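The values are calculated or read from the model by the stated rules, or taken from the named source; none is laboratory data. Small disclaimer: the values here were computed from a predicted structure and weren't measured. Cβ coordinates were reconstructed from backbone atoms using ideal geometry, including for glycine residues, and neighbour counts include every protein chain displayed.
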Amino acid sequence: MVAHLVSLREQHDLLSRLAAVEPLALDEATTRAHEVRVIYDGPDLVEVAHAVGLTPREVADLHAGSGSWSR
């Protein structure tokens, strides 16, 4: 089950606020890579895929191929 779908207004407001955030400078010497193994078989996968107009496989492929995540 999808917990919360936001309105277009909420999406626009969030994107505007995110665009104003300055990215942090990361020091390569102090960052670490982590591998997180994921199985795409959750009970909400079909619902999420339907909500975004993709197949379950496309959702998994997009997520898995999204590259590095950092914060």
Fill in the blank from the handout: The one condition Val38 fails out of (1) hydrophobic (A, V, I, L, M, F, W, C); (2) part of a helix (DSSP H, G or I); (3) at pLDDT below 85 is (2)
Handout entry: Residue ID - farthest from Val6 (Cα to Cα), chosen from residues in the stretch 50-65 that are among the small types (Gly, Ala, Ser) and modelled with pLDDT of 90 or more
Key = Gly53
Problem - Candidate set from the stretch 3-35 (those that are hydroxyl-bearing (Ser, Thr, Tyr) and assigned to a loop (DSSP other than H, G, I, E, B)); member that is surrounded by the fewest Cβ atoms within 10 Å (Cβ to Cβ) - result: Thr30
Exercise for the section: Taking His50 as meeting all but one of (1) without any contact (Cβ under 8 Å) to a residue 12 or more places away in the chain; (2) in a loop (DSSP other than H, G, I, E, B); (3) not charged (D, E, K, R), write down the number of the exception. Expected result: (2)
Problem - Residue tally, condition over 30 Å from Ser7 (Cα atoms), within 18 Å of the chain's Cα centre (by Cα) and touching a residue at least 24 places away in the same chain (Cβ under 8 Å), over the stretch 21-47 - result: 1
